[in-house]
Amino acid sequence: MTEPGAAATAGARWAVTVDRSRCNGSAICAGTAHGRFRVENGKSRPVETEIAPDEAVLDAAESCPWEALTVTDLASGTVLAPEQ
Amino acid sequence: MTTAEHPAPSYPFGPSEGLDLHPRYAELRREDPVSRVTMPYGGEAWLVTRYDDIKVVLADSRFSRAATVGQDVPRMRPPIESENILSMDPPDHSRLRKLVSKAFTVRRIEELRPRVQIMVDELVDDLLDAGQPADLAKTVAWPLPVRVISELLGVPKEDRDNFRTWTGLALATGNETTPEQIEEALNQLLGYMGGLIVQRREKPTDDLLSGLIQARDDGDKLSEQELIVLAVTLLAAGHETTANQIGSHVYQLLTREGYWQRLVDDPELVPGAVEELLRHTPLSVGADNARVALEDVEVGGRLIRKGEAVVVMPLLGNRDASVFERPDELDLDREKNPHMAFGHGVHHCLGAPLARVELQLALGTLARRLPNLRLAEAPADVPWRRDKIVRGPSALLVTW
Ligand code: HEM
Ligand code: SF4
């Protein structure tokens, strides 16, 4: 995994996406990263698609059983989570 | 809103008979969907019976599992909750969950499908060799999940009988088992796992346990106690639930006219049938796994006060007519099936992808190889487990 510390340099921005075709609404993400995801009608969506670095969102991406959730560093395009 | 009774009615409402669901649940869902009950241990709790309300309790971070640890909270069984993945809140919970989630993603588990198929075929061979009538619970339903989780985790074959006995006792409801016996069985499980971890540390193998040891020793991601408890949880959760569900699912199919034949005629029906069986089939003897409100929260029009406990059972959401048409009917063709048999929120079952593969392969293989499968005794004579938190047949005599 990319060191979260490295990406969390001042001003870094992360992109958060949910592949809704994979998501099955378990809501693990919403509980893991409080306030970051909303699960409605059995699908999750990010509350904000661009965020300041937040470790809990990486945890959410690592915990999604369907690997539906991806976090990328906006500047470099590097996938921060989930670990491949 | 009905006036509160004092003391609240005692729970469970009656004994669990076979796979029956007490009629009181449906009444409560209509009349008093967030109601007070007196649990066998720890006093009064809120019982939620509606799908949407259960989801709120399971997903809202104002409801805490961690607040139950070490506390005399309302519960089904004597032991006081100790710290484990299912009794932690984020971010502690996330730290542990992340360590195991990679091994249980849908993608990784699909890679195990061929290996699980081999195991299922071996066990069906054993069933055929046993001669008729044979006990399907003993020869297929139990050994399959035990073998699968043991292999994944890295638990040696020769230890499987021991840990099955201990888990059985550790998960007793306490009607026929003393709190001391439950405690002792739990300690035996922890002691056994502690010993196995020492062995693996000296001679690492290519399995989940060695992976977790590495996460502890090289990454300092979890404590020794957390490591031991996590491994025991995976072992216990990985087989008790699935083993009972396999037996119960076969019973469900064989006791309804034409259901088995449908799986025989149409193998493609299996995945959907498994989802419907998961939705419909009771798993535990009652609502438990209390969540404690960290502040006042309104659920279904009721105010749950800070410090009060809510007990949950996913099955109750799965039988809610506002989400599932004819909820009490087992409908293998059900199209929309957003069941919550694996829970909801951060504690959503880690093993769900694995359980699905095991159930699909077990039922699919049995239907293919034993198209004439039927019960060897009257449905009413099938014996059910007693004094156990997880429901299921204690034996399932079949012929083919
Ligand atoms: C048909 C089989 C199964 C059913 C119906 C089932 C059901 C559940 C449910 C409802 C929960 C959530 C409990 C709650 O929130 O109070 C849960 C959690 C869990 N299950 Fe399963 N389960 C099954 C099989 C498995 C298997 C095969 C494993 C193997 C590893 C497993 C491991 C776990 C673990 C570790 C948790 C706790 C997760 C956490 O707290 O993050 N389960 N299961
Ligand atoms: S954890 Fe994954 S599958 Fe579950 S709701 Fe979030 S994105 Fe969807």
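The values are calculated or read from the model by the stated rules, or taken from the named source; none is laboratory data. Quick caveat: nothing in here was measured; it's all calculated off a predicted structure. Because the Cβ atoms are built from the backbone with ideal geometry, glycine has one as well, and the counts that use them run over all protein chains shown.
Structure data summary
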| quantity | calculated |
| --- | --- |
| Pair list, Cβ under 6 Å, 6 or more apart: segment A:59-75 residue within 10 Å of chain B (Cβ to nearest Cβ) and farther than 19 Å from A:His34 by Cβ, other residue within 10 Å of ligand 2 (Cβ to nearest atom) and of a type in the set (Lys, Arg) | A:Trp66/A:Arg22 |
| Count of residues meeting criterion [without any contact (Cβ under 8 Å) to a residue 24 or more places away in the chain, more than 9 Å from every other protein chain (Cβ to nearest Cβ) and either outside any loop (DSSP other than H, G, I, E, B) or in contact with a Phe, Trp or Tyr (Cβ under 6 Å, 6 or more places away or on another chain) (or both)] in segment B:68-107 | 1 |
| Members of segment A:9-30 that are more than 9 Å from ligand 2 (Cβ to nearest atom) and either within 11 Å of another protein chain (Cβ to nearest Cβ) or over 29 Å from B:Ala341 (Cβ atoms) (or both) | A:Thr9, A:Ala10, A:Gly11, A:Ala12, A:Arg13, A:Trp14, A:Ala15 |
| Close pairs from segment B:113-127: first over 19 Å from B:Ala355 (Cβ atoms) and surrounded by fewer than 14 Cβ atoms within 10 Å (Cβ to Cβ), partner charged (D, E, K, R) and at pLDDT below 95, Cβ under 7 Å, at least 6 apart | none |
| Condition met for B:Phe324 (within 14 Å of ligand 1 (Cβ to nearest atom) and either assigned to a loop (DSSP other than H, G, I, E, B) or touching a helix residue (DSSP H, G or I) at 6+ places or on another chain (Cβ under 9 Å) (or both)) | no |
| Only one of B:Pro379, B:Pro338 that is surrounded by fewer than 18 Cβ atoms within 10 Å (Cβ to Cβ), modelled with pLDDT of 95 or more, within 16 Å of ligand 1 (Cβ to nearest atom) and not β-branched (Val, Ile, Thr) | B:Pro338 |
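Matching residues to (1) within 30 Å of B:Ala376 (Cα to Cα); (2) within 14 Å of another protein chain (Cβ to nearest Cβ); (3) within 16 Å of ligand 2 (Cβ to nearest atom):
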residue	(1), (2), (3)
B:Gly211	no, yes, no
B:Gln214	no, no, no
B:Val250	yes, no, no
B:Leu253	yes, no, no
B:Gln261	yes, no, no
B:Val270	yes, no, no
B:Thr281	yes, no, no
B:Arg291	no, yes, no
